[in-house]
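Down below is the structure, laid out as structure tokens.
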Amino acid sequence: MDTIRTRFAPSPTGYLHIGGLRTALYCYLYAKKNNGKFILRIEDTDQARYVEGTTEIIYANLKDAGLLYDEGPDVGGQYGPYIQSQRKADYLKYARILIEQGDAYYCFCDKDRLEQLHQQGATKYDKHCLSLSKTEIESKLAQGVPYVIRQNIPSSGTSTYTDCVFGEIAVDNSELEDNVLIKSDGLPTYNFANVIDDHLMGINVVMRGTEYLSSTPKYNLLYDALGWQRPIYIHMPPIMRDEKHKLSKRDGAASYDDFIANGFLSQAIVNYIALLGWSPKSNQEKMSLQEMIELFNIEGISRSPSIFDLTKMKWLNSLYVKELPFEQFVQMATPWIDKSMVAGKYDYDKLCKLIQGRIEILSDIPDKINFLAQFDSYNLQLYVNQKQKSDIDIARKVLPLVKRTMMGINEWYNDTIYQQLCQIAQDSGLKNSQILWPTRVALSGQQSTPGGATELAELLGKDESINRINKSIGMLDMTP
Ligand code: GLU
């Protein structure tokens, strides 16, 4: 068996979006699983849609995501160049061979004629130029009449192939249009370039989205006409925003860079998108890239569309955040703390200890910690907590005691503060939670906080803690 060679062939028309990244991931996994090669090819023949700078983003994103390609524009390889606009001569060469064989033809029809055809109800090109004589063609070429080269699709018969996921696909040739292979600017269309390049680059497994399922018979006709072996096809189901809509580039945060900018971790993104259309036999959800390589199988690719679930992606991300080595977490969290109202205040290591296990994505950080810098009035109902056996009266009774105790503490550490507050509980016949809950609310004015009462107190420092308890006592006093 030949070495498996898969390719990711993005068009540099914008950021690398989640659908593209999933294609790249599955191509990578399938190649690596089979000790094969994963190739990157840039499909930039549609100059009108080209967006400057996006090629570099694709290189950077793939590397950041760990999807290292064995061959590609910036890493080289024996089948280069890996950028289609640099391969123009090849396309023309094969287009001419097809013309000579009668599998393609020059078409000189101008916009007006095509428009007219369309208005007359034609659903596809009518093969008008196929009947031009050799002399007519030569004279038009000599006069410089603009032309395209079209594929000559048989008018009858059926084209079939077997897709590894979707099974047998059969299309009546009469439904297929004589597609343009070479445009009037001399550049190939996707429909042509993908076949020529896949063959010349030795690609034997083509993996791409289902939008290509029905045009693949046309590509197969080209392989057959040129006497080339068809690749194996693996089409992947679409990724949907909801039941009805495809997830499009226009949906905010659908690109890899957007997710990173929103505080997702690269491994979590890759892990989550792996599950968008594939699941391992064991239904395991959290997987390293290495585990995915081991578990990846075509049988696990689903035929039905998968719905993008941000909640699940965040949950998966939280697992990766928890696992980060502490120093790395501090490093990654720092820019987010700097963006919060707490910037420059408090000990970042202490802050990070409190938040690492309590956020899903890094961008949760500012909201989680802003209360440390800002202490306004809050709803006194927060003191009412059945589980902690706390209510407003308990808070009224307990907080002055907490304040007095705090004033007497010299060693301002979590452990000492905790011991001393529990001592109040013992002395007054209350439960620890009846001291700790009101203290937590009094210090934060929040329902949920990263860290318990005494951890917060340590972080805030003695003066600020007493200051906040005081304010809270004042608020309770003002309420009947
Ligand atoms: N350039 C095509 C795209 O971005 C690639 C399709 C394919 O993988 O063949 O959709």
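Isolated cysteines of the chain, defined as having no other cysteine beta carbon under 4.7 Å away, are Cys27, Cys109, Cys164, Cys352, Cys422.
Around the amide H of Leu16, modelled in the peptide plane, lie the amide H atoms of Tyr256, Asp257, all under 5 Å away and 5 or more residues distant in sequence or on another chain. Applying D = kT/(6 pi eta Rh) to the range 276-435, where Rh is the Kirkwood radius over alpha-carbon pairs, T corresponds to 4 °C and eta to 1.567 mPa s, the Stokes-Einstein value obtained is 65 µm²/s.
Calculated translational diffusion coefficient of the chain (4 °C, 1.567 mPa s; Stokes-Einstein with Kirkwood radius over alpha-carbon pairs) equals 48 µm²/s.
Its relative contact order, with pairs defined as Cα atoms under 8 Å and 6+ residues apart, puts the chain at 12 percent. How much net charge surrounds Ala104 when only the other residues with a Cβ under 11 Å from the Cβ of Ala104 are counted, with Lys and Arg +1 and Asp and Glu -1? Charge balance in the 11 Å sphere: -1. For the pair Gln116 and Glu175, how long in nm is the line joining their label points, each one 7 Å along Cα→Cβ? About 3.1 nm, to one decimal. Contact order for the range 95-203, expressed relative to its length and based on alpha carbon pairs under 8 Å spaced 6+ residues apart, stands at 25 percent. Less than 5 angstrom separates the built amide H of Trp278 from those of Ser302, all sequence-distant by 5 or more or on a different chain. The value given for the range 387-480 is a Kirkwood hydrodynamic radius of 12.9 Å, derived from the mean inverse Cα-Cα separation. Relative contact order, whole percent, for the range 233-325 stands at 39, derived from Cα pairs under 8 Å and 6 or more residues apart.
Taking 0.36 nm per residue of separation and subtracting the Cα-Cα distance, full extension of the segment from Asp391 to Ala48 would add 116.8 nm. Applied to the range 158-172, the Karplus parametrisation 6.51 cos²θ - 1.76 cosθ + 1.60 on θ = phi - 60° returns per-residue 3J(HN,Hα) values of 10, 10, 10, 7, 10, 8, 5, 9, 9, x, 6, 10, 10, 10, 5 Hz, with x for Gly and Pro. The distance linking the range 337-357 with the range 437-473 is 16 Å (Cα centroid to Cα centroid, whole angstrom). Using only the alpha-carbon atoms, how far is helix 134-143 inclined from the longest principal axis of the chain? Give it as 0 to 90 degrees, nearest 10. The answer is roughly 60 degrees.
Computed over the range 222-351, the Cα gyration tensor eigenvalues convert (square root of 5λ each) into semi-axes of 37, 18, 15 Å, ordered from largest to smallest.
Between the beta carbons of Lys93 and Ile293, assuming R0 = 41 Å, the FRET efficiency works out to 0.65 to the nearest 0.05.
Computed on the Cα atoms alone, the convex hull of the range 17-169 gives a volume of 202 cubic angstrom per residue.
Translational diffusion of the range 174-265, estimated by Stokes-Einstein from the Kirkwood radius over alpha carbon pairs at 10 °C in a medium of 1.306 mPa s, is 100 µm² per second.
Summarising the amide proton neighbourhood of Leu247: residues at separation of 5 or more, or on other chains, whose placed amide H is nearer than 5 Å comprise Ile239, Met240, Arg241. Evaluating 6.51 cos²θ - 1.76 cosθ + 1.60 at θ = phi - 60° for every residue in the range 76-85, the Karplus couplings come out as x, x, 7, 10, x, x, 9, 10, 4, 5 Hz, glycine and proline recorded as x. Along the range 50-59 the Karplus relation, 6.51 cos²θ - 1.76 cosθ + 1.60 evaluated at θ = phi - 60°, assigns HN-Hα couplings of 5, 10, 3, x, 6, 4, 5, 5, 4, 4 Hz to successive residues, with x for each Gly and Pro.
Remark: the Cα gyration tensor places the range 348-415 in the oblate category, a/c being 1.5 or greater and a/b not exceeding b/c. Once the Cα atoms are used to define both axes, helix 432-444 deviates from the longest principal axis of the chain by about 60 degrees. Available extension along the chain between Gln447 and His128 is 107.4 nm, counting 0.36 nm per residue and deducting the alpha carbon span.
In terms of the mean number of neighbouring beta-carbon atoms within 10 Å, the peptides 349-362, 48-61 order highest first as 349-362, 48-61. Could you pull out the pairs from Lys37/Lys63; Lys134/Lys218; Lys314/Lys350; Lys397/Lys471 whose alpha carbons sit more than 18 Å apart here? Exceeds cut-off: Lys134/Lys218; Lys314/Lys350. What do you get for the angle between helix 326-339 and the principal long axis of the chain? Use alpha-carbon atoms, 0 to 90 degrees, nearest ten. Around 90 degrees separate the two axes.
Here, each number is a calculation from the coordinates, and none is a lab measurement. The model shown is predicted, which means the values in this text are computed figures rather than measured ones. Neighbour counts run over all protein chains shown; Cβ positions are idealised from the backbone, glycine included.
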